[in-house]
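Quick note: the coordinates plus some simple rules give every number you see, no bench work behind them. None of these values were measured; they are calculated from a predicted model. As a convention, Cβ positions derive from the backbone with ideal geometry for all residues, glycine included, and neighbour counts pool all protein chains shown.
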Amino acid sequence: MLIKKVFFTELVGNASKIFTVLVFILPVTELFKLLDQAASGNIAVATLVTMMIYGTIASFPMILTIACFLSIVITINRYCKDQEFSVWLASGVSPFYWVRQVIIFSLPMVVICLVSTLYITPWATTKSEDYANFLTKQEAAMVIAPGVFKEADNGRQVFYIEHYTLNKGLANRIFIRYQDLDKLYTITANAGKIINHEGMYSIILQDGNRYDISINPTNDDVTAINFKELKATIEQQYTPLQRVGLHINTAKFEELWKDNNGESKAALSWRFSIALMLFVMCIVAVPISIQVGRKQNNLVFIMTPIIYAIYENLILTVDGYISNGTLKSMGYVFIVHGLLLIFAFCLTYIKTYPQGYLKSKNKK
């Protein structure tokens, strides 16, 4: 009981610290990715903070996996450096005893990770995309900005209003420029009135001038027209964000389960694999962390990311074959999990030498 109490106390403490650090680091990383998209105009700047929060929630399974895995590696490796592990091994405590304790520790985490990856991550991704589209739609409607040149999405319309009264819709010093197939139109007016009819903005210009400029290379005519009143409609375009694989990433578990195509199977197998990877990597962490000597202790932090990278890429490769229809069943991805689990138990057995026993002599 003493071993269990000390081991679980240190595991939970290390996992909490690592989880807290990752929760602070990941939003910053997510923000830099979103800034790149905002700079290219794919998302609205106003959505950055909210999408950063949703992105962090969506990445919760990854944070939990890293926190659990590193907590086991750090805890057991610390025991080995302080020779505590040698004392327990000499007392008859087998490495498989530690595997059993790690399984007990990881099972609740696996359940939390599974629920998160099946329900919370798709929900957060959906909310993030819906919010980004909503803000983009709002920005498309808010084309009236006093003192600022506003350009339509197609680049064929430019508007400028020096002053605008919100209540009465009155405006002055108005500049409008738009283009059709063969002519460029420039309109200026001293005064006008803005009308908002169900989200469609129109401007009634008063006492202004319109210049029609031919953009045909063979014809450079310019026509000037004075008018007392002219009505112009502000063109608005709103195109929702379309991203590759968005439906698969935001689809609910029930939808993927009922769907029988390759993409749905691959997405479903990946969601299950995230939770299984947490379980398998926690077990792999035990024999890898049991090291003796300085060189082996340093190898712990080199081997673990290599094994994780190979493991993850194998899962993604199998999912790719499932997605394109080469493999018909999700069961193939569980073979990869099974093989790595066998590898973990074999490596743990090797760590029992020279004693060679599988079970602890000390049941306490």
Multiplying the sequence separation of F32 and E254 by 0.36 nm and subtracting their Cα-Cα distance, what value in nm do you get? 76.6 nm
Pair N313, R156: separation of 7 Å Cα→Cβ label points (nm): 4.9
Suppose the chain between K228 and Y119 were pulled fully straight at 0.36 nm per residue; how much longer would it get relative to their current alpha carbon spacing? 33.2 nm
Kindly state, to the nearest 0.05, the FRET efficiency for V148 paired with I213, given R0 = 41 Å and r defined as their beta-carbon distance. 0.95
List the pairs from K5/K351; K127/K265; K5/K33; K252/K328; K33/K231 whose alpha-carbon separation is above 32 Å, in the order I gave them. K5/K33; K33/K231
